[in-house]
Structure formats: C-alpha cells, structure tokens
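Everything below concerns the one structure shown next.
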Amino acid sequence: MIEKLELTKYKQIVILTGAGISVASGLRPFRGPGGLWTELAPEDIPNATNLRKNPETIWQIVCELRKISSGLKPNAAHLAIAYLQANASKDHKVTLITQNMDGLHQKAGSKDVIELHGSAFRTKCSNENCDLAAYEDNEIYELNHLPSCSKCGSFLRPDLVLFDEPIPGKEEWLSKRALRDCDLFIAIGTSGTVFPASNFVRSAKYVGAKTVLINLEQLNSSETAFDQEILGKAEEILPILLGME
Ligand code: APR
C-alpha cells in the first residue's frame, strides 16, 4: 500500500532521478534488467580514455537517442515530478537533479533541471583548452564522418560526463547547495552505483532529511539504507506518492 507523502511538511525537497525513470518511456537502463552496459564490452564502455581512442562508441549511443528522441514521450513519473514542481508554493522548493541525458524531464515541463551527467542534446569541443561553448545540437552524425571543431579542429563530442570525468562545477555546486538545506530526499530509478550521485543520500541523512528510494529493485550497497524504500515501477508509484491520484 503506497501512502501519499505529506509534502506540505517539507520545505526543501531534492529529487534525484536515474535511468529507471525513463524505462517506461521506452529507454533502456544501464544496469539491472535490460541494462545497456550488460551488452557492451569493457573497452566500449564510454569513459574518457575510450572516448579519445574511439569517439564513435559514445556518438553511436547519443545519435541513437537523438534519432528516437522526437518519438520519446515523458511518462507518468516525469509528469508527476513536473506537477509537484509546478504546484509547489512559494516557500517550498523542489530541486530536480537527474543523471539522465534524455531531456525527458524538460519535455514533461520540469524547470531548472540539474543535468549532473550532461545532455545527449548538447555538443562541445573535445579540446578542454578550446573556448568553443557547448551548444544545443540534435544533429545525427555519420559515425565515419564525425564533426570537428570550427575553432581548433579537434573532434567534437557530446556534452556528457563520462566515467572518470569530473562533474561540471555548476551542476556540482547547485546539487550541493540543494542538498545542504534539504528536508526530504527522494531517489528514483537509480542503482546508486555512480559517485557522486550515489552519495547524495548520505548528505541528505547528515542534514536530517527524510530519505525515500523508489526503485524496481533493492540497492546493493546496504549501508545507504534509505528511511523508506518503495520497490516497484516509478511510473505507477510516483503519481500516488505525490498526490496526483
Ligand atoms: N521504475 C523504477 N526503477 C526502475 C524502473 C522503473 N520502471 N526500471 C528500472 N528501474 C531501476 C533498475 O532496477 C535500476 O536499479 O532503475 C535503476 C537504473 O539503474 P542504472 O541503469 O544504473 O541507471 P543510473 O543509476 O541512472 O546510472 C547512473 O551510470 O552509466 C552511468 O552515466 C550513466 O547516468 C548513468 C549513471
């Protein structure tokens, strides 16, 4: 039995979402049932080293997403979060941090989404010293003819945070600021395996927030025990929990 959260009790709500929230929209998660990473060879898992050796792999994943993007719709879970944000009174703040790159929260109407791992719909120069700014980009590139930077000639890359890359300063700062004052932390559709997002629950607990996990399966790391774990599909649970039904 899922009980509606007494949301009026909480003034600073932080929501963290992961790939699981977009499964009902037709996207695969990375881990767990149907996980993308279960099919990729280690040398193909997108990290900074592999990107330099083989930028095609990450561009393939991103261009696949760009190809289907127009047909991708936010599901009831995305819409429930957007509803919560839209109906928050002026002295209640709802901060949404996502690990996802699919833009579905924005499509659902969420504002000021903190994209901790970047976006599949932005492109930037792979040369860190180049001053080409990251830009919105829905272009689907031919893998044998990847784009290069108009300023310095280096290859262009998706504006994503790959494994062993740092979280951009702005997104890290915004996340830390929201977590510092939060009194309710809800993690949705994430395996809790990738730092620093996997540590957010500890920060929230440290400041005395109530912590709630909504996920299809239990998390492996037992020490991140949430105050409340609701196992199941986010698209079924969230509308009830956030009082839309
Ligand atoms: N409702 C709720 N949870 C779900 C659903 C659903 N409908 N479907 C799947 N899940 C759960 C899975 O059981 C899994 O535990 O969502 C979780 C998704 O975990 P991951 O695939 O690991 O996604 P995430 O936690 O976002 O990964 C973090 O790792 O690969 C990198 O950069 C990538 O942002 C990603 C990061």
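Read the figures in this text as sums done on the coordinates, not as results from a lab. Small disclaimer: the values here were computed from a predicted structure and weren't measured. Cβ sites come from the backbone with ideal geometry, for glycine too, and all protein chains shown count toward neighbours.
Could you tell me which of rounded, prolate or oblate describes the chain, using a ≥ b ≥ c as the square roots of the eigenvalues of the alpha-carbon gyration tensor, with rounded for a/c under 1.5 and, failing that, prolate when a/b is larger than b/c and oblate otherwise?
Prolate, because a/c is 1.5 or more and a/b exceeds b/c.
Excluding T17 itself, what net charge comes from residues whose Cβ is under 11 Å from its Cβ, given Lys and Arg +1 and Asp and Glu -1?
Surrounding charge for T17 is -2.
Which number comes out as Rg/Rh for the range 1-105 once both Rg and the Kirkwood Rh are worked out on C-alpha atoms?
Here the Rg-to-Rh quotient is 1.07.
With a cut-off of 8 Å between alpha carbons and a minimum separation of six or more residues, what is the relative contact order of the range 106-151 in percent?
29 percent
Using a Förster distance of 22 Å, how high is the FRET efficiency between E6 and Y206, based on the Cβ-Cβ distance and rounded to 0.05?
Computed FRET efficiency for E6 and Y206: 0.45.
For C152 and Q228, calculate 0.36 nm times their separation in residues minus their Cα-Cα distance, and state this gained length in nm to one decimal.
22.3 nm is the gain from fully extending C152 to Q228.
What's the local net charge at V212, with K and R +1, D and E -1, over the other residues with C-beta under 14 Å away?
-1
May I ask for the angle, rounded to the nearest 10°, between helix 76-86 and the longest principal axis of the chain, with both axes built from Cα atoms and the value confined to 0 to 90°?
On a 0 to 90 degree scale, this one is about 70.
Counting DSSP beta bridges with both partners in the chain, what percentage is antiparallel, nearest 5?
25 percent
Between H92 and N220, what is the label-point separation in nm under the 7 Å Cα-to-beta-carbon projection?
3.7 nm
Given a cut-off of under 8 Å on Cα pairs at least six residues apart, what relative contact order in percent is computed for the range 102-224?
Reported as a whole number, the value is 20 percent.
Taking the Cβ of each residue in E115, E64 as the centre, tally the other Cβ atoms inside 10 Å and list the residues starting with the fewest. Spell out each step's value before the answer.
Details: E115 24, E64 12.
The most exposed by this proxy come first: E64, E115.
Given a cut-off of under 8 Å on Cα pairs at least six residues apart, what relative contact order in percent is computed for the chain?
Details: 434 pairs, mean separation 63.9, N = 245.
Reported relative contact order: 26 percent.
Taking the number of other C-beta atoms within 10 Å as the exposure measure, put W173, W59 in order starting with the fewest.
Result, fewest neighbours first: W173, W59.
Tell me, what is a quarter of the convex hull surface for the C-alpha atoms of the range 74-114, in nm² with one decimal?
Its average projected convex-hull area is 2.6 nm².
Just flag the trypsin sites (Lys or Arg not before Pro) in the range 133-219 sitting in loop per DSSP whose Cβ has no more than 13 other Cβ atoms within 10 Å. It would help to have the intermediate numbers written out before the result.
Details: sites: K151, K170, K176, R177, R180, R202, K205, K210; in loops: K151.
Taking the range 133-219 and a limit of 13 other Cβ atoms within 10 Å, the loop trypsin sites (Lys or Arg not before Pro) found are K151.
What is the helix-to-structure angle for 55-69, meaning the angle in degrees between its Cα long axis and the longest Cα principal axis of the chain, kept from 0 to 90 and rounded to the nearest 10?
60 degrees
Kindly state, to the nearest 0.05, the FRET efficiency for L174 paired with H145, given R0 = 25 Å and r defined as their beta-carbon distance.
0.10
In what order do I114, I140, I214, I188 fall by count of nearby beta-carbon atoms within 10 Å, going from fewest to most?
I140, I114, I188, I214
How tilted is helix 169-180 with respect to the longest principal axis of the chain? Cα atoms for both, answer in degrees (0 to 90, nearest 10).
10 degrees
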